[in-house]
Each structure stands twice: as C-alpha cells, then as structure tokens.
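Take a look at the structure set out below.
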Amino acid sequence: MKQVNTIGVDLAKNVIQISIVSPSNKELSNKTIKRINFAEFLAKQPQSIIAFEACSTAHYWARKAKSTGHKVMLIPAKAVAPFRQGHKTDASDALAVAEAASRPNIKQAPLKSTEQQALQSIQRSREHLIQDRTAISNHMRGILLEFGCFITKGLFHIRQRVPEILEDGENELPDMYRTTLQCMYRRLQGLDKDIELLDNQIGQLIKASDCKKLISLEGVGPIGAILMYASLGNGKAFSNGRNFSAYLGLAPKQYSSGGKTYIIGISKPELGIKNK
C-alpha cells in the first residue's frame, strides 16, 4: 500500500475520538465526532489505515471501515498503553492508537466476522443463563436451610427435593413462603428449557458451519468448538499453533532478564467451559 494517513480511533458509546497522523508521523488533527456521524466520516476519508483499540464495538466499526476500502488494524489495549503520552484523555488515547499502528511488529487482534460474533454471542447468552440458574438454585437452597430443609449440592437434588418440600405439609416451611418458592422453582424450570433450546441451536449451527471440523478433534465438544471458531475464524490471523495458543492464554508466561529465564505459568484460558 502506498503511503497513507493513519487514523487512530478511540471508541466510546456516544462520541468517538479521531487522531489523523500523516505518513511522516505528524498529527494533522485530533477531534471528537458523534457516533452517528462516524460511518459518514469513514466513507469520506481517502484510503487510510484505520486503527482501533480492541474493545467494545471495535469489530463492528472495523468491518464498516474495511467495507469502505480502508486497511483495518485492531490493536489490544495492552499494546496501546505504552504509547500514551501525558494524562489519560480521549485525545491522548486516540493518538496512542495511531502511534501503535505505525510500529512494524505491533501485535494485532484478529477481526471477527458477523458469523463469529453471532456464535460467540449465543455461547455467552447460554453462559449467562447458566449463571442465573446456579444463582437461583443457591438462593433456594440457602433459604430452605433456614427452615430446616436441607438439599444436597447439585441441580439434580434441587429439581427432586423442591417439589417434595412443597408437597410436605408437616415440615417447618411457612405457608406464606410456599407460593414464592413455587415461583422460584418455575423460574428454574424455565431456565432449564431455555438452556436446552440454546444447546439444540448450537448443535444445529455446528452442523451448518465450519465448526464441524473442530468438533472432530479429540476432547472438543460443541461449546468448545463454538468458542474456538469464534476466536480462530479461518486461522489466517495466526502463523502457527503456538501463536493461537498464546492468544487463548494457554502458553506459559515468561519473565526473563540477564540471561535467566523464568516460566511463571499459564494465564487463565479464554476457552473456560462451564458445565451444566
């Protein structure tokens, strides 16, 4: 690509800060525009390098910028921070993004397609429902303990014991609370149905997408395949398997100095899968 301007973008919900830097690394402007005007701004700009800090809405705007003919870069926040000068402001953040984009070996985050983000969103919604179900089951178990009704840990025991407790008229559960307990139990049953619905949807989506190749790997199930595909995509963003492992957080951290190497341990993997 011929020498073009680099535009560093600091995204926010309502306003977007834009720093335009020339090929000679001179900042030409640093201004704030409203979010609703950003798409028009991208369309009017000559072919440029548009750099975003990898954060909320970054993939959406990166796809918009790419569709208007710009070269797009998504840079992790950790890689942008060293280039920030002075106080942390929107203007200094936008300039730091542009500065980071001009470095030849800067680490970039892979751009997700709408399909990848949709699959990731389904999994995250499922995870949210599972967390809600766990919270409700713990809530019922804790309250019933106050009335001498003990339930063993596990959703199976909750599903079995709550109807028995409601039918038992001789226990110490107050009548005024029984209606509320029934309401909470119905909510738990509703979450069970919603989670089952998402599980079936995930299974169907895997059959219709490239995820079916991942599920053939040993130890990879439907949820793991969805998460891997949402992170990996077509794999072009990673030069080898080690790079992908490091991106997921599976590679060990290294802290080396003076010829001495220290391996600290792996970071928390992004592919953490919660069981039912």
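The values are calculated or read from the model by the stated rules, or taken from the named source; none is laboratory data. As the structure is a prediction and not an experimental result, all values here were calculated from the model. Glycine gets a Cβ as well: all are built from the backbone with ideal geometry, and neighbour counts include every protein chain shown. Each accessible area value is taken on the protein alone, full model and side chains, heavy atoms only, with ligands, DNA and RNA left out. Shrake-Rupley method; radii C 1.70, N 1.55, O 1.52, S 1.80 Å.
Brief remarks on what is shown
- Of the helices (runs of 4 or more DSSP H) lying entirely inside segment 143-236, those carrying at least 2 residues that are open to solvent by less than 80 Å² (accessible area, probe 1.4 Å) and of a type in the set (S, T, N, Q) are 175-207.
- Test result for residue 10, open to solvent by less than 30 Å² (accessible area, probe 1.4 Å), over 27 Å from residue 232 (Cα atoms) and in contact (Cβ under 8 Å) with a residue 40 or more places away in the chain: no
- Listed by position, the helices (runs of 4 or more DSSP H) enclosed by segment 1-100 that each have at least 3 residues that are closer than 30 Å to residue 249 by Cα and out of contact with any helix residue (DSSP H, G or I) (no Cβ under 7 Å at 6 or more places or on another chain) are 58-67.
- Selection status of residue 15, open to solvent by less than 20 Å² (accessible area, probe 1.4 Å) and in contact with an Asp or Glu (Cβ under 8 Å, 6 or more places away or on another chain): no
- A single entry from 139, 128 fulfils the requirement of being open to solvent by 40 Å² or more (accessible area, probe 1.4 Å), closer than 25 Å to residue 174 by Cα and part of a helix (DSSP H, G or I): 139.
- Residues of segment 84-117 satisfying the condition of being open to solvent by 50 Å² or more (accessible area, probe 1.4 Å) and of a type in the set (A, V, I, L, M, F, W, C): 111
- Close pairs (6 angstrom Cβ cut-off, 6 or more residues apart or separate chains): in a helix (DSSP H, G or I) in segment 105-119, of a type in the set (A, V, I, L, M, F, W, C) anywhere: 116/230; 119/226; 119/230
- Put simply, of 68, 57, 89 the only residue that is hydroxyl-bearing (Ser, Thr, Tyr), over 24 Å from the mean Cα position of the chain (by Cα) and within 23 Å of residue 237 (Cα to Cα) is 68.
- Hits in segment 18-42 (condition: surrounded by 13 or more Cβ atoms within 10 Å (Cβ to Cβ) and of a type in the set (Gly, Ala, Ser)): 19, 39
- Residues within segment 252-271 that are at pLDDT below 75 and either surrounded by 17 or more Cβ atoms within 10 Å (Cβ to Cβ) or small (Gly, Ala, Ser) (or both), tallied: 2
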